[in-house]
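Heads up, the thing below is written out as structure tokens.
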Amino acid sequence: MNPNSNKVLTHTQFKIPLNIDISDVEAGYEKELPVFMSLNPLLAAPGRIQSFWSRIAERPEEVMLITAWRTQQALTDFESSPTYSEYFRGLSAGGMSPHTVSVDVGRQMIQAVLGVGSPTSMMMVYFPAPVAQEQRSKFLEISGLVGSVAYDRSLMHLRKSSSSPVRGWVLGEQERGASRYGVGVMWHFWQSAEMEETFKREELVRATTSGEKVIERFERELKEVGAEMWDEIHCRFVALPRQACPAI
């Protein structure tokens, strides 16, 4: 597969004051709120597929903005465009310099899943650098938090997740403290926060008699492929407009 044909996601974290409702996108543009208008350079960028944002449940003053790009080149062109600095300044207005990473998700259609408004958990998994290709491939094959009814259509009503997890890999090494890491990303999409909590607390691996929980198997598999640590955040994404919104 030609990596240049893979879809790329950008994850951008920045701050928006808590008194601004970012879930009502239409109202935000009608009021011409600066933080909404500052997104226009992104929304007008060629090669952008769609963008979503959400407050981070664990740090509600911070926002996670995810954008799907057709190719890495489309992202590179935007980052080198004259309007990118305007976009960056707009996101910095909340007092936090935006932090962006790019994630290779291959041909997976994550933007279709993010648009349904399901509670989403996003896990960043850290591997001491350098990471071998075999190690990365094994991470991308881990099934994730998937229960016994995940692929049985007759039991769809019992599923606690709303779709299968999506996996990706952050482009380039990342610094954390004094160390450098390769970072895998995994998104899980849940029917509700309560179902996620119940799944993690109770769901057993059905194919064995060991009594091992699915989350215990998942964490064991992460360690077996060399993961040193992982972080998890929770979001409920809403879609941003598919094109720039002019001032009224």
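Read the figures in this text as sums done on the coordinates, not as results from a lab. These numbers were taken from a predicted model, which means no experiment stands behind them.
How far, in nm, would the chain grow between THR100 and GLN73 when pulled straight, counting 0.36 nm per residue and subtracting the alpha carbon separation?
Gain in length upon complete extension: 8.1 nm.
Using only the Cα atoms of segment 30-123, each taken as one equal point scatterer with no solvent, compute I(q) by the Debye sum, divide by I(0), and report log10 of the ratio at q = 0.11, 0.18, 0.19, 0.24 Å⁻¹.
Log-scaled intensity ratios, in q order: -0.34, -0.97, -1.08, -1.54.
Tell me, how many Å apart are the Cα centres for segment 42-57 and for segment 79-111?
Segment 42-57 and segment 79-111 have Cα centres separated by 8 Å.
May I ask you to list the lysines whose Cα is less than 28 Å away from that of LYS31, ignoring any residue fewer than eight positions away on the same chain?
Those lysines meeting the cut-off are LYS15.
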